[in-house]
Amino acid sequence: AAAALFVSTSVSAQTEPAGDSKDTRLGIGLSLGIPTHDAFNFAVGGDLRLQKDFSTNVSGLASLGYTNFSAKGEDAGSIGFIPLKVGVKVFPMERFYVSGEVGAGFGTDDGQETSFVWSPGIGVGFNNGLDLGLRYESFSKYDLGQVALRIAYGFNLSR
């Protein structure tokens, strides 16, 4: 489904006019991840991401979300985090980006402490608002991470 969405969107994507963009966007995303720790089956989450363009190919990021890791086994439960991150997104070529974010992952369960979180990623952003990204995200205090696919839609707040 993601591949079909990617192909159909890339066919209809338009290019931005020349010049530096100073746009601000608000993105709403859904993430599906594969945990890097054997004790967990999968991860699912959502986020809100504010993106401010500094130039045509460099943007600042601020995001707030929720991520839930489902543990393996019957009655194993899950653990959740509220990641609050800031970062940068660089477009080395049109629509393709490399990103990096750092911040804090606030535990949602009793006794769960705040963890340093970092997440490098790559992706493709389209002028129609669709954003497809792949990232590694690590919650350092818990030696827990995920490789996640993020599917998002961004609203341009500057227009």
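The values are calculated or read from the model by the stated rules, or taken from the named source; none is laboratory data. It should be emphasised that the depicted structure is a prediction, and the values quoted were computed from it without experimental measurement. Positions of Cβ are generated from backbone atoms using ideal geometry, with glycine treated the same way; all protein chains shown enter the neighbour counts. Protein only, heavy atoms only, side chains kept; ligands, DNA and RNA dropped before computing areas. Shrake-Rupley method; radii C 1.70, N 1.55, O 1.52, S 1.80 Å.
Hey, can you tell me all the residues within the stretch 17-40 that are under 16 Å from residue 78 (Cα atoms) and loosely packed, with under 14 Cβ neighbours inside 10 Å?
To start, the set of residues in the stretch 17-40 that are under 16 Å from residue 78 (Cα atoms) comprises 32-40.
Answer for the stretch 17-40, where residues must be under 16 Å from residue 78 (Cα atoms) and loosely packed, with under 14 Cβ neighbours inside 10 Å: 34, 38, 39.
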* To do: Just one of (1) out of contact with any strand residue (DSSP E or B) (no Cβ under 9 Å at 6 or more places or on another chain); (2) on the phi > 0 side of the Ramachandran plot; (3) open to solvent by less than 70 Å² (accessible area, probe 1.4 Å) trips up residue 55, so point out which.
  => (2)
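How many residues are hydrophobic (A, V, I, L, M, F, W, C) and modelled with pLDDT under 95 when one looks only at the stretch 108-138? Give the derivation first.
From the stretch 108-138, those hydrophobic (A, V, I, L, M, F, W, C) are 116-118, 122, 124, 126, 130, 132, 134; that's our starting set.
Retained after the next criterion (residues that are modelled with pLDDT under 95): 126.
Residues meeting the conditions: 1.
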* Asked: Looking at (1) under 14 Å from the mean Cα position of the chain (by Cα); (2) open to solvent by 30 Å² or more (accessible area, probe 1.4 Å); (3) modelled with pLDDT under 95, which is the one condition that is false for residue 62?
  -> (3)
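Rundown of residues vs (1) over 15 Å from residue 25 (Cα atoms); (2) in a strand (DSSP E or B); (3) in contact (Cβ under 8 Å) with a residue 12 or more places away in the chain; (4) not β-branched (Val, Ile, Thr), yes/no style:
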{"position": "120", "(1), (2), (3), (4)": "yes, yes, yes, yes"}
{"position": "123", "(1), (2), (3), (4)": "yes, yes, yes, yes"}
{"position": "127", "(1), (2), (3), (4)": "no, no, yes, yes"}
{"position": "131", "(1), (2), (3), (4)": "no, yes, yes, yes"}
{"position": "135", "(1), (2), (3), (4)": "yes, yes, yes, yes"}
{"position": "147", "(1), (2), (3), (4)": "yes, yes, yes, no"}
{"position": "150", "(1), (2), (3), (4)": "yes, yes, yes, yes"}
{"position": "155", "(1), (2), (3), (4)": "no, yes, yes, yes"}
{"position": "159", "(1), (2), (3), (4)": "no, no, yes, yes"}
* Please state which of the following conditions residue 26 fails to meet, knowing it meets all the rest: (1) modelled with pLDDT of 95 or more; (2) hydrophobic (A, V, I, L, M, F, W, C); (3) more than 18 Å from residue 155 (Cβ to Cβ). => (3)
